[in-house]
Structure formats: C-alpha cells, structure tokens
1. Restricting attention to region 176-187, which residues are touching a residue at least 12 places away in the same chain (Cβ under 8 Å) and either open to solvent by 40 Å² or more (accessible area, probe 1.4 Å) or more than 28 Å from the chain's Cα centre (by Cα) (or both)?
2. Residues 132, 123: which one is open to solvent by 50 Å² or more (accessible area, probe 1.4 Å), under 30 Å from residue 54 (Cβ atoms) and at pLDDT 80 or above?
3. Please verify whether region 228-240 includes one or more residues that are at pLDDT 90 or above and among the β-branched types (Val, Ile, Thr).
4. Let me confirm something: among 140, 85, which residue is part of a helix (DSSP H, G or I) and exposed (fewer than 14 other Cβ atoms within 10 Å of the Cβ)?
5. Please go through region 227-236 and give me each residue that is more than 13 Å from residue 173 (Cα to Cα) and either in a loop (DSSP other than H, G, I, E, B) or touching a residue at least 24 places away in the same chain (Cβ under 8 Å) (or both), ordered by number.
6. In region 188-203, which residues are among the polar types (S, T, N, Q) and open to solvent by 40 Å² or more (accessible area, probe 1.4 Å)?
7. Could you tell me whether residue 70 is under 18 Å from residue 163 (Cβ atoms), touching a Cys at 6+ places or on another chain (Cβ under 7 Å), without any contact (Cβ under 8 Å) to a residue 60 or more places away in the chain and surrounded by 15 or more Cβ atoms within 10 Å (Cβ to Cβ)?
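The values are calculated or read from the model by the stated rules, or taken from the named source; none is laboratory data. Bear in mind the structure is a predicted one, so any value in this text is a computation, not a measurement. Every residue, glycine among them, receives a Cβ derived from its backbone with ideal geometry; neighbour counts consider all protein chains shown. In case anyone asks, the SASA skips ligands and DNA or RNA and just uses the protein heavy atoms, side chains included. Shrake-Rupley method; radii C 1.70, N 1.55, O 1.52, S 1.80 Å.
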Amino acid sequence: MKLNRRDAAPDGRMPLMDHLRELRNRLIKAVLAFMVGAILGWLLFDPVWDFLKQPYCSLPQSHVVDKDECSLFVNGIFSSFFLKLKISCIIGGVISAPVWLYQLWGFVAPGLYQRERRWTYVFLGAAVPLFFVGTGLAYLTVDKGLAIFLGFVADDVKPLITVDSYLSYVLTMLLVFGLTFELPLFVIVLNMAGVLSSSRIRRSQRLILFGIFVFAAVATPSADPFTMLALALPTVLLFEIAALLAFLNDRRRARRPDPYAGLSDDEVSPLDLESIDAELEKGDRAR
C-alpha cells in the first residue's frame with residue numbers, strides 16, 4: 001500500500017509539487033463526481049422541474065392558455081435545452097456535494113490544528129441546516145411574491161412568464177434566503193475568535209437590525225413587503241440568538257483568571273519556556 005507523503009511526514013508538511021499533484025487529483029475526483037451527478041440530474045429533470053414550478057402553477061395567472069394546465073414559455077430555440085442543462089448541473093452539484101466537500105476537506109484539514117478542525121465541524125454542522133431552512137422558507141414564499149406582482153396585471157392583459165425569468169427568480173430567492181441565514185453564524189464565529197465582543201454587538205444592535213431590514217429589501221428579487229418581512233424577521237431572530245450566545249461566551253471567558261492581571265504596562269512578565277515548548281510539541285502531535 002502506497003502511503004500519502006503528507007501522511008508519512010510527522011508534521012503533515014509536503015513539498016510544493018506534491019501539494020499541486022494532490023490538488024490536481026482531488027479536483028479530478030470532484031469533477032468526475034459532479035459529472036456523474038449531472039447525468040443523474042438530467043434523468044431526474046422532470047420531477048425536479050415539477051417541484052420548482054409548483055409555486056407558480058398554484059397561481060391562477062399561470063393558466064392563461066389552458067385553464068387545466070400550467071403554462072410557462074420559452075422565447076428561443078435553445079432555451080429548453082439550456083434550461084434542462086442548467087437544472088441538471090444544479091442537481092449534480094447537490095448530489096455530488098458530499099464528494100467535493102470531502103475532497104476539499106481532505107486537502108485543507110492536514111494544515112489545521114485539532115482545535116481548528118473541531119470548530120470547522122461545528123461550523124459545518126450548523127451552516128448546512130441553516131442553509132436548508134432558509135431555502136425551505138424561500139420556497140414557501142415564492143408564490144406570495146409572485147401573486148402580489150401578478151395581481152397588478154390588468155384584466156385584459158395576459159402575463160407570459162418565460163422559463164428563464166422564472167427560474168432566475170426562484171434560484172435567486174433560494175440563494176438569498178439560504179445565505180442570509182448564515183450571517184448570524186458568522187457573528188458567533190467572530191465572537192469565538194475574540195474579534196467581536198457581545199458589548200460591541202449590543203452597542204450596534206439598532207444599526208444592525210436596521211441594516212437587516214435594508215438588506216432584505218434590496219436582496220430579495222421581488223422587493224415586495226411580504227418577502228422582505230419573511231426574510232428579515234427570521235434573520236433578526238437568528239441574530240438575537242447569536243447575540244445571546246456571544247454574551248454567554250464572553251461571560252464564560254471572563255470567569256477565567258487573567259495571568260497578567262497583576263502586572264503593570266511596563267513590567268516584564270515571567271516567561272515559562274518549558275511550558276511553551278510543551279504546548280508547541282503538543283500542537284505538532286495534534287496536527
């Protein structure tokens with residue numbers, strides 16, 4: 001069995017060329033997994049497309065041609081092909097996500113300390129559910145935003161919604177909601193890293209809440225009041241939870257004794273070289 005040179009090295013280091021070879025191999029595996037997922041996505045196009053167009057088909061304005069059938073339109077010869085190709089690639093990216101995430105983690109993880117790896121697991125464990133909760137909420141609000149704006153259409157005017165415009169609208173909604181739900185998680189990460197304190201969060205709380213509503217009004221593609229509130233209110237709730245966790249973390253950190261509390265600014269602190277060497281050695285072993 002041939003050992004990876006990174007695994008053979010006690011500190012996980014590799015020459016530059018070995019890094020590039022490993023990156024190439026992992027990229028090839030990720031691309032192959034994506035291609036297999038895209039082929040499966042091509043085969044699964046019909047049920048996925050029925051799921052994506054369901055919010056629009058629930059509106060009465062979608063039955064402008066046939067009262068018993070939902071109608072979307074294409075305005076080009078190749079539009080149908082590129083629609084299927086785009087959705088197949090999206091499905092391929094989702095299906096192959098475990099593979100390319102594993103390849104990315106396998107390339108980055110050896111350069112991290114054990115504590116950094118642990119925090120990465122916690123971050124991913126919270127980020128993935130939050131993203132899917134955000135996309136689920138976006139899916140539930142798509143038809144509400146469409147109904148508001150299609151309701152302004154005059155009685156003698158028939159809306160002809162193209163497939164490209166509808167798909168762009170839905171994908172933008174899913175991405176905006178999913179990524180916005182990650183913002184409170186970054187507040188917790190910055191607080192854990194000591195960059196952002198809970199007191200600073202409290203002082204800027206009104207400005208942050210105002211910024212959340214402004215962002216929700218600008219980021220949502222429809223910019224209607226219902227969609228804006230559907231994005232802003234859960235984000236405010238998640239931010240308040242993040243602020244509470246930051247406060248608890250700062251209070252826990254404040255209970256720890258400060259080894260430099262009794263020293264003046266111009267006094268030299270004692271340097272324990274043996275303990276520093278032990279910590280460095282322990283860190284090397286953890287890597």
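1. 179, 183, listed by residue number.
2. Only one candidate qualifies: 132.
3. The answer is yes, given that some residue of region 228-240 is at pLDDT 90 or above and among the β-branched types (Val, Ile, Thr).
4. Criteria check complete, one pass: 140.
5. 234, 235, 236
6. 197, 199, listed by residue number.
7. yes
Table: residues versus (1) surrounded by fewer than 16 Cβ atoms within 10 Å (Cβ to Cβ); (2) outside any loop (DSSP other than H, G, I, E, B); (3) of a type in the set (Val, Ile, Thr); (4) in contact with a Pro (Cβ under 9 Å, 6 or more places away or on another chain).
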residue	(1), (2), (3), (4)
153	yes, no, yes, yes
156	yes, no, no, no
166	no, yes, no, no
174	no, yes, no, no
216	no, yes, no, no
